[in-house]
Amino acid sequence: MRVLVGVKRVVDYAVKVRVAADKKAVDLANVKMSMNPFCEIAVEEAVRLKEAKKATEIIAVSIGPKAAAETIRTALAMGCDRGIHLTTDARTDQELGPNSVAKLLAKVVEEESPDAIILGKQSIDGDFGCTGAMLAEHLKIPQCTFAATIDFDAKTVERETDTGTEVVSFPSLPAVFTADLRLNEPRYATLPNIMKAKKKKIDTKAADSLGVELNEGNTVLEVFEPPPREAGIFVDDVDGLVDKLKNEAGVL
Amino acid sequence: MPYDVLIVGAGPAGLAAAIRLKQLAIENEKDISICVLEKGAEVGSHILSGNVFEPRALDELFPDWRSMDDRPPVDTSVKEDKFLALTETGSVEIPNFLLPSQLHNDGNYIISLNQLVRWMGTKAEELEIEVFAGFAASEVLYDEEGAVKGIATRDVGIGKDGVPKATFERGMELRARQTLFAEGARGSCSEEVMEKFNLRDGVQPQTYGIGVKEVWEIPEENCNPGFVQHTLGWPLQHGPLDQTFGGSFLYHMAPNTILIGFVIGLDYENPYINPYREFQRWKHHPEISKHLEGGECVSYGARVLNEGGFHAIPKLTFPGGALIGCSAGFLNSVKIKGSHTAIKSGMVAAEALYPKLVEKEEFICCESYEISEDEKPQEVVEYQTAMEESWVYDELKEVRNCHAAFHWGFLPGLAYSGLAAHILKGKEPWTLENPTPDSAKTKPADQYSEIVYPKPDGVFSFDLLTNLARSGTAHNDDQPAHLRIKYSLKSLVDSNESLKTYAGPEQRFCPAGVYEYHEDSASGDKKLVINAQNCVHCKCCSIKMPHEYIKWTVPEGAGGPNYAMM
């Protein structure tokens, strides 16, 4: 089985982001970037399949600027065999949206014919959570999103819902799976593996050379920070609380 | 995986050494393999410094840096140099001509050392030096004769309870013919190596200062690029004979940045001093707050600096390697500059090591991919000699007694520094003794009363945890605490000795709020809590903790602060 894994270079989860001065985007200057945490989980799942001898080849694909190659290198260090880098200077946190990404990935799928495509359920910058589903639709193949466990033998996936999990079955491969938090705990990229990953191959192409219309149809008008949280106040008694809830907060 | 040279720490000294070695390899057409290890997530993540930069060493490393297409971020020339003695509400300007020449900054630049180091990192990668960030050197490796043969990186995937998890990965051994330790001040491997090889025999103990820094973005029209200001006096020194060493810095960097910070000598005696809160309250002084009007604090961090100067420099070499940069301790505490000497020391080490490494071609790892059994680990003493003959030692010798003079009080100290700078130039026949380590300087709390600091206003001053979020500090929290209580001192900690005698100064000197005493709900006793995941890797606790009961060890690689503009 050949597996294709999507990895996205995003702002590191621990960074306190700020809005750029022009209020059109988040300020990314000098900000630490890392692999999207859900993509790490996707990579881990694929690597485990290879270790269980259920997959023969894992390809890591990323769409992003020149530095996204480092993200692919991390995926290679975790155990992927080779990488594909579609370069673009468009902002991948807002200009290049899920539909464009899905269309680009669909082109890669046509070329590489993987049996399974594993993506993260969402990226922590755009937070759309749509790419996996859109990709499946473009390819007209099954989709199992928010996967907590994937069983390739039984062809079932346990998916996360707001009230617990449900088990769904997929009829056939190829199919798209998106990784949720509980799917696995990603491994560390060790130093020996990072050294070995330097020798693995990454194919680089320009994203706009694939013949895909990269226009989202959306424009970001403004990016702003949420209003600062106001301090709480002490009330003297229950009546005071009810009064505030009724007359000030307007929730009663 | 063996290398010709392994460098621990991708800071100014480490990268300068790596770059210089490769320059020599290219010049002489004999390549050697170099590996640089960095515990921060990226090159630069752990770099913090004022910084008014003397370009002397950069001129030597990259003579054409000013005309490079991708020139280093060294742009803001110093235009104005102010020195103020502050009182609670006012200030007195000390005219420039009274100040020692070391404090004159013509020809120097206001920079972000962080950005410069990142630039050096890209240069190193261009030269095909292998730089691995996110890996911490936790163990020094020795051969049968006790020579250093490399380091091992830290095991990862161990849970908070000390039990290996499913993600456990053993660290990797990196062997090298020469290992350079460039970990910065109070480096964990460096301290071990200094003890093992008795490198500190006959020299004074190293003394330190804690530097706490913020970066502010202000409206561009208010920025005066090239403005340098240092202050003494309020709030730290209350009178001319006050022995607490320290002061502030405030620099304007193009186009709209203010670099602002406070340094306090860790030889302070009053256990109630809170360096972070001294810094916060100082910002409210009208001479200071006027610079911050309309601005936003975007970054915060802290790091210790060496203050021992010339007399605290250890022996630099040992079989199998050497110490470079602040790990050895070349900071000029009168100039308040150490980046230029760190870079120079890296270059001098490279120039001493290279010929030794390529002397016998059959030993070069780059070709053979192995370290020959026939080669005994060398001790490149030529590095020590070359340093002693370099301008680094010249300038450190001139100010060798200055820091100790501050033990008479800050005005006498200042006067002595002036005398030393203009007349004595280090040639005085006496050496002011400084035999006491910082931790032993703290006096019992019953001799002092608690200092009441003002509450932060959220505009100019901030509470610690709000500021800490601006350092980008993150550690994988399911790992054992890296701040270890020394086993021999465990009973001291169990009995709360630090709290009883010194009122728990660790609650105050740690700039990241790591150490707290919580009341146990059952017994009502106070218990030490170590919030290791807050740690900004400043090393203050390993220095100032009463009885030095904390051993600073490396956490999992890639943890710690993530400084960008520092």
Subject >> Residue among B:Tyr276, B:Tyr251 that alone is away from chain A (no Cβ under 14 Å), at pLDDT 95 or above, closer than 30 Å to B:Tyr416 by Cα and assigned to a helix (DSSP H, G or I) >> reply: B:Tyr276
Original post:
Which of the residues spanning segment A:225-252 are open to solvent by less than 100 Å² (accessible area, probe 1.4 Å), assigned to a helix (DSSP H, G or I) and either within 30 Å of A:Arg18 (Cβ to Cβ) or basic (Lys, Arg) (or both)?
Top reply: A:Lys244
Subject >> Given (1) in contact with a strand residue (DSSP E or B) (Cβ under 8 Å, 6 or more places away or on another chain); (2) over 30 Å from B:Lys397 (Cα atoms), number of the condition B:Asp463 does not satisfy >> reply: (1)
Original post:
Does segment B:171-192 contain any residue that is free of Cβ contacts under 8 Å to residues at least 12 places away in the same chain and of a type in the set (Val, Ile, Thr)?
Top reply: no
Original post:
Would segment B:361-380 turn up any residue that is at pLDDT 90 or above, part of a helix (DSSP H, G or I), closer than 23 Å to B:Tyr142 by Cβ and touching a helix residue (DSSP H, G or I) at 6+ places or on another chain (Cβ under 9 Å)?
Top reply: no
**OP:** Please verify whether segment B:12-28 includes one or more residues that are within 14 Å of chain A (Cβ to nearest Cβ), in contact with a Leu (Cβ under 9 Å, 6 or more places away or on another chain) and open to solvent by less than 20 Å² (accessible area, probe 1.4 Å).
**Re:** no
Original post:
In the set B:Glu183, B:Glu191, B:Glu217, which member is closer than 25 Å to B:Ser49 by Cα, crowded, with 18+ Cβ neighbours inside 10 Å, within 14 Å of chain A (Cβ to nearest Cβ) and charged (D, E, K, R)?
Top reply: B:Glu217
Original post:
B:Val203 fails exactly one of the following numbered conditions: (1) open to solvent by 30 Å² or more (accessible area, probe 1.4 Å); (2) aliphatic (A, V, I, L, M); (3) free of Cβ contacts under 8 Å to residues at least 24 places away in the same chain. What is the number of that condition?
Top reply: (3)
Subject >> Residue satisfying condition, being touching a residue at least 24 places away in the same chain (Cβ under 8 Å) and on the phi > 0 side of the Ramachandran plot, within set B:Gly338, B:Gly320 >> reply: B:Gly320
Original post:
For segment B:85-150, which strands (runs of 3 or more DSSP E) that fit wholly inside it have 2 or more residues that are within 14 Å of chain A (Cβ to nearest Cβ)?
Top reply: B:130-133, B:137-142
**OP:** Kindly indicate whether any position in segment A:117-132 is farther than 30 Å from A:Asp27 by Cβ and either over 12 Å from the mean Cα position of the chain (by Cα) or open to solvent by 20 Å² or more (accessible area, probe 1.4 Å) (or both).
**Re:** yes
Subject >> Qualifying residue in segment A:234-241 (condition: within 22 Å of A:Ile124 (Cα to Cα) and modelled with pLDDT under 95) >> reply: no
**OP:** Tell me which of these B:Asp155 doesn't satisfy, since it passes every other one: (1) within 14 Å of chain A (Cβ to nearest Cβ); (2) surrounded by 22 or more Cβ atoms within 10 Å (Cβ to Cβ).
**Re:** (2)
Original post:
Checking B:Glu221 against (1) assigned to a helix (DSSP H, G or I); (2) touching a strand residue (DSSP E or B) at 6+ places or on another chain (Cβ under 7 Å), which single condition isn't satisfied?
Top reply: (2)
**OP:** Answer with yes or no whether B:Ser45 is within 14 Å of another protein chain (Cβ to nearest Cβ) and either out of contact with any Gly (no Cβ under 6 Å at 6 or more places or on another chain) or within 17 Å of B:Lys337 (Cβ to Cβ) (or both).
**Re:** yes
Subject >> Which listed residue is among the hydrophobic types (A, V, I, L, M, F, W, C), in a helix (DSSP H, G or I) and over 18 Å from the mean Cα position of the chain (by Cα), from A:Leu49, A:Leu76, A:Leu105, A:Leu135 >> reply: A:Leu49
Subject >> Cβ pairs under 8 Å, 6+ apart, first in segment A:88-111 and free of Cβ contacts under 8 Å to residues at least 60 places away in the same chain, second of a type in the set (Asp, Glu) and not in a loop (DSSP other than H, G, I, E, B) >> reply: A:Ala102/A:Glu137
Original post:
Do we have B:Lys196 as over 22 Å from B:His537 (Cα atoms) and either of a type in the set (Phe, Trp, Tyr) or more than 14 Å from chain A (Cβ to nearest Cβ) (or both) here?
Top reply: yes
Original post:
Mind checking whether some residue in segment B:446-454 is modelled with pLDDT under 95 and buried (at least 18 other Cβ atoms within 10 Å of the Cβ)?
Top reply: no
Original post:
Restricted to segment B:426-454, and to residues that are among the hydrophobic types (A, V, I, L, M, F, W, C) and more than 22 Å from B:Cys541 (Cα to Cα), which residue is nearest to the other protein chains (Cβ to nearest Cβ)?
Top reply: B:Val452
Original post:
Can A:Glu51 be described as touching a residue at least 24 places away in the same chain (Cβ under 8 Å) and open to solvent by 50 Å² or more (accessible area, probe 1.4 Å)?
Top reply: yes
Original post:
When only residues in segment B:518-566 that are within 14 Å of chain A (Cβ to nearest Cβ) and not in a loop (DSSP other than H, G, I, E, B) count, which is farthest from B:Lys486 (Cα to Cα)?
Top reply: B:Gly560
**OP:** Return a yes/no flag: does segment A:9-25 have any residue that is surrounded by 22 or more Cβ atoms within 10 Å (Cβ to Cβ) and in contact (Cβ under 8 Å) with a residue 24 or more places away in the chain.
**Re:** yes
Subject >> Matching residues, segment A:171-209, being part of a strand (DSSP E or B), among the hydroxyl-bearing types (Ser, Thr, Tyr) and either surrounded by 15 or more Cβ atoms within 10 Å (Cβ to Cβ) or within 14 Å of chain B (Cβ to nearest Cβ) (or both) >> reply: A:Thr178
**OP:** Take A:Val157 and decide whether it is buried (at least 21 other Cβ atoms within 10 Å of the Cβ) and either more than 14 Å from every other protein chain (Cβ to nearest Cβ) or closer than 18 Å to A:Val3 by Cα (or both).
**Re:** yes
**OP:** For segment A:35-57, state whether one or more residues are closer than 30 Å to B:Gln115 by Cβ and of a type in the set (Val, Ile, Thr).
**Re:** no
Original post:
For B:Asn256, which of the numbered conditions (1) out of contact with any Asp or Glu (no Cβ under 8 Å at 6 or more places or on another chain); (2) surrounded by fewer than 18 Cβ atoms within 10 Å (Cβ to Cβ) fails to hold?
Top reply: (1)
Original post:
When you scan segment B:512-566, how many residues do you find that are among the aromatic types (Phe, Trp, Tyr) and surrounded by fewer than 20 Cβ atoms within 10 Å (Cβ to Cβ)?
Top reply: 1
**OP:** Give the number of residues within segment B:455-505 that are farther than 30 Å from A:Glu185 by Cα, within 14 Å of another protein chain (Cβ to nearest Cβ) and surrounded by 18 or more Cβ atoms within 10 Å (Cβ to Cβ).
**Re:** 3
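The values are calculated or read from the model by the stated rules, or taken from the named source; none is laboratory data. Remember, it's a predicted structure, so these values are computed and weren't measured experimentally. Cβ sites come from the backbone with ideal geometry, for glycine too, and all protein chains shown count toward neighbours. Heavy atoms of the whole protein, side chains included, go into the accessibility calculation; ligands, DNA and RNA do not. Shrake-Rupley method; radii C 1.70, N 1.55, O 1.52, S 1.80 Å.
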